[in-house]
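The values are calculated or read from the model by the stated rules, or taken from the named source; none is laboratory data. Computed from a predicted structure; not experimentally measured. Neighbour counts run over all protein chains shown; Cβ positions are idealised from the backbone, glycine included. Ligands, DNA and RNA are excluded from the accessible area calculation, which covers all protein heavy atoms including side chains. Shrake-Rupley method; radii C 1.70, N 1.55, O 1.52, S 1.80 Å.
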Amino acid sequence: MIINQQVWRSLGYAGLLPFIIAAIMSLAGWSLPWFNPEFAFVSYSAIILSFLAGTLWGRALFLYAANLANLLILSNLYALLAWLALMLQQTMVALVILAFGYFSLLGVEKNFQNLPVNDEYQQMRTVLTSIALLTHFLMFIALVIGG
């Protein structure tokens, strides 16, 4: 059990690295011929938001309550929201859409108290989402001052 907790904690925090690296690169004005930090950030963000929406789907399947259908629909809507942000090809708009997705998905998870998660996981999700939102803000600032 402790090993599993270490794995999901480590993977959760390691998952912030692409956000942090791309935001720093964009703020510093760094890019590579084969790596656009703004596109990397938005595409990674869309993938992670879709992943989190998928975990909502999986956890909702364990519920036997009236809200099950709502959670399944919300899960799909978040995945579509992430896809829309990616398809727009408007980085600043995508950042706002994705930040809204992260913030509101965390609210959904907290609102449904009977979702099968432990307190430690929920605390970690709050920290990870806060840092992800901060990096979205930093990327937005980088685009405003750089573009």
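If the Cβ limit is 8 Å and pairs must be 6+ apart or interchain, which residue in the range 18-37 that is surrounded by 18 or more Cβ atoms within 10 Å (Cβ to Cβ) pairs with which residue that is part of a strand (DSSP E or B) and modelled with pLDDT under 90?
Matching pairs, first to second residue: none at all.
Only one of Tyr44, Tyr13 is assigned to a helix (DSSP H, G or I), touching a residue at least 24 places away in the same chain (Cβ under 8 Å), open to solvent by 60 Å² or more (accessible area, probe 1.4 Å) and on the phi < 0 side of the Ramachandran plot; which? Quick ask: steps written out before the conclusion?
Numbers: Tyr44 fails: open to solvent by 60 Å² or more (accessible area, probe 1.4 Å).
Answer to the selection: Tyr13.
Does Phe51 count as assigned to a loop (DSSP other than H, G, I, E, B), of a type in the set (A, V, I, L, M, F, W, C), open to solvent by 60 Å² or more (accessible area, probe 1.4 Å) and closer than 22 Å to Thr126 by Cβ?
The answer is no for Phe51.
Residue by residue through the range 60-78, note down the ones that are buried (at least 19 other Cβ atoms within 10 Å of the Cβ) and modelled with pLDDT under 95.
Hits for the range 60-78 are Ala60, Leu71, Leu74, Ser75.
Condition test on Trp8, is it in contact with a helix residue (DSSP H, G or I) (Cβ under 9 Å, 6 or more places away or on another chain) and assigned to a helix (DSSP H, G or I)? Reasoning before the result, please.
Numbers: in contact with a helix residue (DSSP H, G or I) (Cβ under 9 Å, 6 or more places away or on another chain): yes; assigned to a helix (DSSP H, G or I): yes.
Yes; evaluated as a whole, the condition is true for this residue.
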